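Structure record follows, encoded as structure tokens.
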Amino acid sequence: MLDGPLKTFLVLAEMGRMSKAAQKLGRTQPALSAQLARLEEEVGEALFFRTPKGLILTEAGELFRRYVEVAATSLADGQEAVRALSGLERGELSVGGGATVTTYLLPPVLRQFHERFPQIRLRVREQGSQAVVDGVLAGELDLGIVTLPVRSDRLHVEPWLEDELLLIVPPGHRLERRKTFRWKDLEGHSLVLFEPGTAVRTMIDEHLARERVTVSIVMELRSIDAIQQMVCEGIGAGFVSRWSLRGASRGLRPAEGALVRRLALVWRADREPSAAARAFVGSLRAG
């Protein structure tokens with residue numbers, strides 16, 4: 001709703017008399033006269049003829065009135081849109097995360113969120129942690145789920161949960177019936193791993209280097225399902241999240257200590273998250 005001189009102008013045009021407009025607006029007639037005079041000075045034209053029968057719009061006043069009414073309608077529509085957005089009745093939410101996050105952790109949360117807020121359009125981008133961080137900083141993503149550590153003072157970082165990586169081996173492999181393995185057991189073995197540069201791949205590479213184990217990396221993939229399928233086909237062993245192992249599937253833990261990464265929620269520190277983003281973070285915290 002318009003306020004100030006423009007609102008006064010529309011009420012004067014509607015009522016046609018200064019006294020009636022003053023009564024409707026709860027203002028004094030001198031105050032309205034002063035406001036109208038300032039508006040006419042800004043516009044550069046007289047907007048009303050002053051007659052004994054009241055105020056009549058000039059040609060300039062009629063033209064100006066059409067534009068002010070359009071502005072009033074646009075403003076009301078804008079206010080309604082903002083209220084709808086803050087009430088989660090419309091809007092968009094973009095979230096980025098790695099393969100484990102987007103394939104296994106987010107789907108149940110996204111389903112519940114969509115059931116609560118069906119008018120919010122959801123966009124999910126599967127990327128490595130650094131690409132997700134870059135997307136959040138660039139404003140392309142509202143929220144990211146990445147592997148710690150995250151080094152940026154431009155991000156709000158909130159630890160979320162832990163993800164354990166387990167070794168899976170092909171059928172008939174000599175480690176198949178064991179619950180644990182030693183890194184030295186992988187010496188000379190063929191491995192199917194995630195692409196270089198991903199957080200999980202970096203962890204595996206660091207452990208192999210620390211234990212001075214030499215392996216043959218026969219395939220590099222982005223998809224967890226693809227890694228599992230290649231392992232089942234006997235191409236090599238691989239590392240996947242425990243969240244991806246279901247039913248009879250099981251993986252082996254390193255005897256030297258669990259292979260754990262910590263996931264965190266990140267968003268721009270210099271921006272207030274949207275209502276949709278705040279609601280989604282609440283769903284993740286509750287999940």
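Restricting attention to segment 192-240, the residues being loosely packed, with under 13 Cβ neighbours inside 10 Å and without any contact (Cβ under 8 Å) to a residue 60 or more places away in the chain number 7. Would you pick out the residues in segment 36-55 that are closer than 20 Å to A22 by Cα and under 47 Å from the mean Cα position of the chain (by Cα)? Answer for segment 36-55, where residues must be closer than 20 Å to A22 by Cα and under 47 Å from the mean Cα position of the chain (by Cα): L36, R38, L39, E40.
Here R253 meets each of (1) at pLDDT 95 or above; (2) surrounded by fewer than 17 Cβ atoms within 10 Å (Cβ to Cβ); (3) of a type in the set (D, E, K, R); (4) touching a strand residue (DSSP E or B) at 6+ places or on another chain (Cβ under 6 Å) with one exception, condition (2).
For segment 196-250, enumerate the residues that are in a loop (DSSP other than H, G, I, E, B) and modelled with pLDDT of 95 or more. E211, R212, V213, T214, V215, E233, G234, I235, G236, listed by residue number.
If only residues of segment 96-111 that are among the aliphatic types (A, V, I, L, M) and within 12 Å of L284 (Cα to Cα) are counted, the one that is surrounded by the most Cβ atoms within 10 Å (Cβ to Cβ) is V101.
Being closer than 22 Å to G128 by Cα and surrounded by fewer than 17 Cβ atoms within 10 Å (Cβ to Cβ) is the filter here; which residues of segment 259-272 pass it? Result: V260, R262, A269.
In the same structural domain as V133 (by TED's automatic domain parsing), touching a helix residue (DSSP H, G or I) at 6+ places or on another chain (Cβ under 6 Å), surrounded by 14 or more Cβ atoms within 10 Å (Cβ to Cβ) and under 26 Å from G135 (Cα atoms): is that true of A275 in this structure?
Details: in the same structural domain as V133 (by TED's automatic domain parsing): yes; touching a helix residue (DSSP H, G or I) at 6+ places or on another chain (Cβ under 6 Å): yes; surrounded by 14 or more Cβ atoms within 10 Å (Cβ to Cβ): yes; under 26 Å from G135 (Cα atoms): yes.
Answer is yes for this residue.
Considering segment 89-99, and only residues there that are within 30 Å of G128 (Cβ to Cβ) and either in a strand (DSSP E or B) or not small (G, A, S) (or both), the residue that is modelled with the lowest pLDDT turns out to be E92. What about R66, is it modelled with pLDDT of 90 or more and either exposed (fewer than 12 other Cβ atoms within 10 Å of the Cβ) or not assigned by TED's automatic domain parsing to the domain that holds L32 (or both)? Judged against the criteria, R66 is a match.
Tell me, which helices (runs of 4 or more DSSP H) lie completely within segment 1-80 with 1 or more residues that are in contact with a Pro (Cβ under 6 Å, 6 or more places away or on another chain)? Even if it seems obvious, please write down each step before you answer.
Numbers: elements: 5-15, 18-25, 29-43.
Per the criteria, 29-43.
Being part of a strand (DSSP E or B) and in contact with a Pro (Cβ under 7 Å, 6 or more places away or on another chain), is that true of even one residue in segment 150-159? For segment 150-159, residues part of a strand (DSSP E or B) and in contact with a Pro (Cβ under 7 Å, 6 or more places away or on another chain): absent.
Can you pull out every residue in segment 112-148 that is in a strand (DSSP E or B) and surrounded by fewer than 15 Cβ atoms within 10 Å (Cβ to Cβ)? Within segment 112-148, R121, R123 meet the criteria.
The values are calculated or read from the model by the stated rules, or taken from the named source; none is laboratory data. What you see is a predicted model, and the numbers here were worked out from it, not measured in a lab. Don't worry about glycine lacking a Cβ; one is built from the backbone with ideal geometry, like all the others, and counts go over all protein chains shown.
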